[in-house]
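Peer 1: Below is the structure I would like to discuss, written out as structure tokens.
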């Protein structure tokens, strides 16, 4: 935590756990921390999976008509009928991971590590832990367990509150 | 000549900023850091980063496809 009493602060609620949706919260959290803000992330529902030690994040093209992957100089969108076929999500995930590497975009594992290093506070939603039967030992060290009241307390003191 | 040079070429947002922050932390106050980046978004981002953190952006220029920033660690 910063010792500067004028430090700004930001909180984020992280609700989504796919590869694409994992980026905005971790990019914003690490950047805000680098800019001197005190940052707290609250991981709930599918976002909670982003705290697992072993990440195997995936994307789905199903119900995602805005998703266009660059391919041979063009952009390819996937009709839902094809997205629903077995193996298509896996293929799209592989394409996305290749692009991420090729374009010098950090992996989620790296960004998460940088967030921990930058003293970003992480709260894992206790209710979601119970609901999805996650074990504490399957999650990375660092996050504390808490609920809605823990988040609200942080949010009332934060300059920026985001829900992603 | 900068006290330290950071090669952030080929890295995309937010890595140039994160690496720069890390390097600045290790510099004494008044020290200078030169960053080489290829991410065009870094131009606006380093301006914003310096305005927000109080570090001084002494220079921002492009040489071919490389963007070069010179930051003085003041905060």
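Derivation of every value follows stated rules applied to the coordinates shown; laboratory data play no part. All figures in this text were calculated on a predicted structure; none of them were measured in a lab. No Cβ is skipped: glycine too gets one built from the backbone with ideal geometry, and neighbour counts run over all protein chains shown.
Peer 1: How much length is gained on full extension from residue A:7 to residue A:159, taking 0.36 nm per residue of separation minus their Cα-Cα distance?
Peer 2: 53.8 nm
Peer 1: Further question: Calculate the mean, over all residues of peptide A:98-104, of how many other protein chain Cβ atoms lie within 10 angstrom of the residue's Cβ.
Peer 2: On the way: counts 0, 0, 1, 0, 1, 4, 10.
Partner-chain Cβ atoms within 10 Å, mean over residues of A:98-104: 2.
Peer 1: Relative to the longest principal Cα axis of chain A, at what angle does helix A:108-117 sit, 0 to 90 degrees, rounded to 10?
Peer 2: 10 degrees
Peer 1: Using Cα atoms only, what is the angle between the long axis of helix B:42-53 and the major principal axis of chain B, expressed in degrees (0 to 90) to the nearest 10?
Peer 2: Result, in degrees: 20.
Peer 1: Separate question: Please report A:145, A:81 as a ranked list, fewest other C-beta atoms within 10 angstrom at the top and most at the bottom.
Peer 2: Listing A:145, A:81 from fewest to most nearby Cβ atoms yields A:81, A:145.
Peer 1: Quick one: the Cα spread of chain B along its three principal axes, in angstroms, biggest first?
Peer 2: Taking max minus min along each principal axis of the Cα atoms, chain B gives 30, 25, 18 Å.
Peer 1: According to a simple spin-label model (label point 7 Å from Cα along Cα-to-Cβ), what is the distance in nm between residue B:7 and residue A:84?
Peer 2: Roughly 5.1 nm, to one decimal.
Peer 1: I'd like the FRET efficiency for residue B:66 and residue A:71, computed as 1/(1 + (r/R0)^6) with the beta carbon distance as r and R0 of 35 Å, rounded to 0.05.
Peer 2: Result of the calculation: an efficiency of 0.80.
Peer 1: Separate question: If one takes the longest principal axis of the Cα atoms in chain A, at what angle in degrees, from 0 to 90 and to the nearest 10, does the Cα axis of helix A:19-34 lie?
Peer 2: The angle comes out near 30 degrees.
Peer 1: For a test of the definition: using alpha carbon positions, the gyration tensor, and the 1.5 limit on a/c, classify chain A as rounded, prolate or oblate.
Peer 2: prolate
Peer 1: Between residue A:127 and residue A:55, what length comes free when the chain is fully extended (0.36 nm per residue of separation minus the Cα-Cα distance, one decimal in nm)?
Peer 2: Details: separation 72, 0.36 × 72 = 25.92 nm, distance 2.08 nm.
Length gained, residue A:127 through residue A:55: 23.8 nm.
Peer 1: How would you rank A:133, A:109, going from fewest to most other Cβ atoms within 10 Å of each one's own Cβ?
Peer 2: Sorted ascending by nearby Cβ count, the order is A:133, A:109.
Peer 1: Could you sort B:60-69, B:37-46 so that the peptide with the highest average Cβ count within 10 Å comes first and the rest follow in order?
Peer 2: On the way: B:60-69: 13.5, B:37-46: 17.8.
Highest mean packing first, the order is B:37-46, B:60-69.
Peer 1: Sticking with this structure for a sec: What average number of partner chain Cβ atoms lie no more than 10 Å from the Cβ of the residues making up B:17-24?
Peer 2: For this peptide, the per-residue mean of nearby foreign Cβ atoms is 4.
Peer 1: From Cα pairs below 8 angstrom and at least 6 apart in sequence, can you work out the relative contact order of chain A, rounded to a whole percent?
Peer 2: Relative contact order of chain A: 35 percent.
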